[in-house]
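One structure is given here, and the rest of the page talks about it.
The values are calculated or read from the model by the stated rules, or taken from the named source; none is laboratory data. No experiment lies behind these values; they were computed from the predicted model shown. Neighbour counts are summed over all protein chains in view; Cβ atoms, including those assigned to glycine, are modelled from backbone coordinates with ideal geometry. Protein only, heavy atoms only, side chains kept; ligands, DNA and RNA dropped before computing areas. Shrake-Rupley method; radii C 1.70, N 1.55, O 1.52, S 1.80 Å.
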Amino acid sequence: MGTQKIKIILVDDDEDDRQFFAEAFEELQLDASILLFEDGLKLLDYISQADHYFGTHIFLDLNMPILSGMDCLKKLREFTGTNNPFVTIYSTSSLPSDIKEAYKNGANGYLPKPSSFTKLKELLHKAILAGITNNNPVY
């Protein structure tokens with residue numbers, strides 16, 4: 001990883017889901033920072049002002065108002081390219097059609113939202129490690 005701290009970004013319109021995710025992330029005690037956004041437009045605005053994306057791992061909810069996660073993913077890939085930043089879809093949907101479309105549009109991983117805090121921590125850790133090693137993960 002070098003001296004550059006990794007950045008974890010969660011984009012989710014549900015405040016409870018953002019809090020749940022942030023608490024799980026904090027308990028992992030990783031050498032990383034976290035940013036939370038409630039919609040895709042705010043993420044795109046942030047990314048457009050960033051000077052680089054290396055070490056950035058974005059977790060993107062699919063079902064959001066204003067700009068859906070899939071549309072945000074498409075715009076993100078138009079702007080940044082294919083593998084940087086690393087993007088994991090983080091959604092309540094585990095429909096094969098959603099998963100297939102996410103990968104088709106440039107997602108690097110797909111993580112269905114777990115209901116258990118312990119399971120979230122486990123899967124979040126795996127997803128972050130996959131992003132660091134640039135592995136296309138299967139959760």
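Whenever you get a sec, compute what percent of the accessible area on the chain sits on carbon and sulfur atoms (1.4 Å probe). Intermediate values should be presented prior to the final figure.
Numbers: 3640 of 7240 Å².
On the chain, the fraction of accessible area on carbon and sulfur atoms equals 50 percent.
Where does the chain land at 222 nm, in deg cm²/dmol rounded to the nearest 500, when only DSSP H runs of n ≥ 4 count, each adding -39500 (n - 2.57), divided by all residues?
Values: 5 runs with 62 residues, N = 139.
Helix contribution divided over all residues of the chain: -14000 deg cm²/dmol.
Where in region 18-66 are there chymotrypsin sites (Phe, Trp or Tyr not before Pro) that are in a DSSP coil and have at most 13 other Cβ atoms within 10 angstrom of their Cβ?
Working: sites: Phe20, Phe21, Phe25, Phe37, Tyr46, Tyr53, Phe54, Phe59; in loops: Tyr53, Phe54.
Passing sites in region 18-66 are Phe54.
Each label point is 7 Å from the Cα along the Cα-to-Cβ direction; what then is the distance between the points at Ile99 and Leu41, in nm?
Here the modelled spin labels are 3.3 nm apart.
Give the accessible surface of the chain per residue, rounded to a whole number of Å², with probe radius 1.4 Å and ligands, DNA and RNA excluded. List each step's numbers first, then the result.
Working: 7240 Å² over 139 residues.
Here the residues of the chain average 52 Å² of exposed surface.
Scale the Cα Rg of the chain by the rule-of-thumb value 2.2 N^0.38 Å and send over the ratio, two decimals.
Values: Rg = 13.5 Å, N = 139, 2.2 N^0.38 = 14.3 Å.
After normalising by residue count via 2.2 N^0.38 Å, the value is 0.94.
Over the chain, calculate the relative contact order: mean separation of alpha carbon pairs under 8 Å at least 6 apart, over the residue count, as a percent. Present the calculation step by step, with values, prior to reporting the outcome.
Values: 217 pairs, mean separation 32.4, N = 139.
It rounds to 23 percent for the chain.
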